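The values are calculated or read from the model by the stated rules, or taken from the named source; none is laboratory data. Just so you know, these numbers come straight off a predicted model, no measurement behind them. Positions of Cβ are backbone-derived with ideal geometry, glycine not excepted, and every protein chain shown enters the neighbour counts. Each accessible area value is taken on the protein alone, full model and side chains, heavy atoms only, with ligands, DNA and RNA left out. Shrake-Rupley method; radii C 1.70, N 1.55, O 1.52, S 1.80 Å.
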Amino acid sequence: SKSHESYQRLIDGAADVLFAATLPSEALKAQAAEAGGQLECIPIAYDAMVFFTNAENPVLGLTQRQIQDLYVYGKYTNWNQVGGPNAQLLPYRRNVDSGSHALMEQYFLEGGKLSLSPDVHNVLTSYAMSSALTDVAEAKTADPLAYAMGYSVYYYYVNSYWLLLDSSGGDLKLLAVDGVVPSEETIANGSYPLAGYNYLVFRSDEPEDSPARRLAAFLLTEEGQSLVTNAGFGALSQGDLAKAKDLL
């Protein structure tokens, strides 16, 4: 199931544990509290929120303020307003019950205190992680010139780039944020400003010897981190491993 439904299944007791690229939204935290519990989120791998556009778009990056001005305040409609070409700027968003939107809420909506601009919210929406890539690729037009922009998480973007092989829109590229390009290195060392984690999540009432807690502990071992790497994600540094173990 998708991020939101997975969290709901965990809260309702239909699942014991989940893997998530995002922390629960404020709405999900409230649901968990109403159900009489809390959620424990254990970092097991690195990940990050990333923004991307068409590869031929000469714009290399944006600042966090520009991203917020675009998605929250609707200030930009043309790439020339952010130092790019005279081309229409098409900002794709994710549906509000997606994990990617939870990241938007975390980084740009001030924990849910702000909302997306109506001009963004009511126009272009990608309803699946896969279509977040293909929608942006295929939105490009030549007359009038237009480039789209979208967002997802780094390791999904890297591991799912093959989806563009069947797209008519061509290649995409990752955008730098505040001058830093997302990469395994910049995400792991924290220099990329939207760097974060993948989490293993379970309910706080899980017993100490439960399978959920044992799974979390295993994934923080050397063997467990090898599995993280083999699955295409970024293994944690020794310092972050120690911090994650302290959460168990």
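When the stretch 148-165 is filtered for residues that are closer than 21 Å to K2 by Cα, open to solvent by 60 Å² or more (accessible area, probe 1.4 Å) and hydrophobic (A, V, I, L, M, F, W, C), the ones remaining, listed by number, are V158, W162. Scanning the stretch 207-223 for residues that are closer than 23 Å to F233 by Cβ and touching a helix residue (DSSP H, G or I) at 6+ places or on another chain (Cβ under 8 Å) yields a count of 4.
When L145, L60, L70, L116 are checked against the criterion of being open to solvent by less than 40 Å² (accessible area, probe 1.4 Å) and either within 14 Å of the chain's Cα centre (by Cα) or over 19 Å from T22 (Cβ atoms) (or both), L70 stands alone in meeting it. Only residues that are under 29 Å from G150 (Cα atoms), touching a residue at least 60 places away in the same chain (Cβ under 8 Å), of a type outside the set (A, V, I, L, M) and touching a Ser or Thr at 6+ places or on another chain (Cβ under 7 Å) were counted in the stretch 9-50, giving 1. Of all residues in the stretch 8-18, those being buried (at least 16 other Cβ atoms within 10 Å of the Cβ) and within 13 Å of L200 (Cβ to Cβ) number 4. Scoring H101 on the criteria (1) open to solvent by 30 Å² or more (accessible area, probe 1.4 Å); (2) closer than 16 Å to T22 by Cβ; (3) not β-branched (V, I, T) leaves a single failure, condition (1). Condition check: touching a strand residue (DSSP E or B) at 6+ places or on another chain (Cβ under 9 Å) and modelled with pLDDT of 95 or more. Does N95 satisfy that? So N95 fails the test. Among the criteria (1) part of a loop (DSSP other than H, G, I, E, B); (2) touching a residue at least 40 places away in the same chain (Cβ under 8 Å); (3) under 30 Å from L200 (Cα atoms), the one P85 does not fulfil is (3). Taken together, the residues in the stretch 90-108 that are part of a helix (DSSP H, G or I) and over 9 Å from the mean Cα position of the chain (by Cα) amount to 3. Of all positions in the stretch 167-186, none carries a residue that is surrounded by fewer than 16 Cβ atoms within 10 Å (Cβ to Cβ), of a type in the set (S, T, Y), within 25 Å of S6 (Cβ to Cβ) and in contact (Cβ under 8 Å) with a residue 12 or more places away in the chain. The set of residues in the stretch 130-142 that are open to solvent by 70 Å² or more (accessible area, probe 1.4 Å) and in contact (Cβ under 8 Å) with a residue 12 or more places away in the chain contains only E138. Can you tell me which residue in the stretch 187-231 is surrounded by the most Cβ atoms within 10 Å (Cβ to Cβ), limited to those that are among the aromatic types (F, W, Y) and more than 15 Å from the chain's Cα centre (by Cα)? Ranking the qualifying residues of the stretch 187-231, first place goes to F202.
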